[in-house]
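S.K.: The structure that follows is given in the form of structure tokens.
Values in this text are rule-based calculations from the coordinates and carry no lab data. It should be emphasised that the depicted structure is a prediction, and the values quoted were computed from it without experimental measurement. Neighbour counts run over all protein chains shown; Cβ positions are idealised from the backbone, glycine included.
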Amino acid sequence: MAIVDVTVIPIGTESPSVSSYVADLHRILKEYEEKGEIRFQLTPMNTIIEGDLPVLFQVIQEIHESPFQQGIKRVATNIRIDDRRDKNSTMEGKLSSVQRRLEQ
């Protein structure tokens, strides 16, 4: 199981607000989540997605394409992948590990 940090940036929008584009991306993510293929979390600056790496690549491609389908001519997508293979890693597990150390 891998965790990705992804930010999709539509370039050349009519307004400085991109929340409508983010909402469209999250509709796509919700479909994958409802099928049990991923879990995701919206943050103020990005989205964290958890799942099997091949599925995550598929999801990233689909959300990268979404602004183009709305008429945007340029999209920059930043991706950071945490793929730990010696043990199962989850979003909550990573946070819990840090929290335990803070409480020591």
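S.K.: Taking region 44-77 as the search range and keeping residues that are over 16 Å from Asp24 (Cα atoms) and under 10 Å from the mean Cα position of the chain (by Cα), which one is surrounded by the most Cβ atoms within 10 Å (Cβ to Cβ)?
M.R.: Looking at residues that are over 16 Å from Asp24 (Cα atoms) and under 10 Å from the mean Cα position of the chain (by Cα), I get Leu56.
S.K.: To continue, here is another question. I'd like to check something: does region 28-42 contain any residue that is exposed (fewer than 13 other Cβ atoms within 10 Å of the Cβ) and polar (S, T, N, Q)?
M.R.: no
S.K.: Inside region 23-43, can you point out the residues that are under 11 Å from the mean Cα position of the chain (by Cα) and either outside any helix (DSSP H, G or I) or β-branched (Val, Ile, Thr) (or both)?
M.R.: Ile28, Ile38, Arg39, Phe40, Gln41, Leu42, Thr43 - these are the residues of region 23-43 that are under 11 Å from the mean Cα position of the chain (by Cα) and either outside any helix (DSSP H, G or I) or β-branched (Val, Ile, Thr) (or both).
S.K.: Would you mind finding the one in Leu53, Leu102, Leu29 that is without any contact (Cβ under 8 Å) to a residue 40 or more places away in the chain and touching a strand residue (DSSP E or B) at 6+ places or on another chain (Cβ under 6 Å)? Show your work before the answer.
M.R.: Working: Leu53 fails: without any contact (Cβ under 8 Å) to a residue 40 or more places away in the chain; Leu102 fails: touching a strand residue (DSSP E or B) at 6+ places or on another chain (Cβ under 6 Å).
Only one candidate passes the filter, namely Leu29.
S.K.: Going through region 78-93 one residue at a time, which ones are surrounded by 10 or more Cβ atoms within 10 Å (Cβ to Cβ) and either more than 16 Å from the chain's Cα centre (by Cα) or assigned to a loop (DSSP other than H, G, I, E, B) (or both)? Give the steps one after another, and end with the answer.
M.R.: To start, the set of residues in region 78-93 that are surrounded by 10 or more Cβ atoms within 10 Å (Cβ to Cβ) comprises 78-84, 89-93.
Arg84, Ser89, Thr90, Gly93 - these are the residues of region 78-93 that are surrounded by 10 or more Cβ atoms within 10 Å (Cβ to Cβ) and either more than 16 Å from the chain's Cα centre (by Cα) or assigned to a loop (DSSP other than H, G, I, E, B) (or both).
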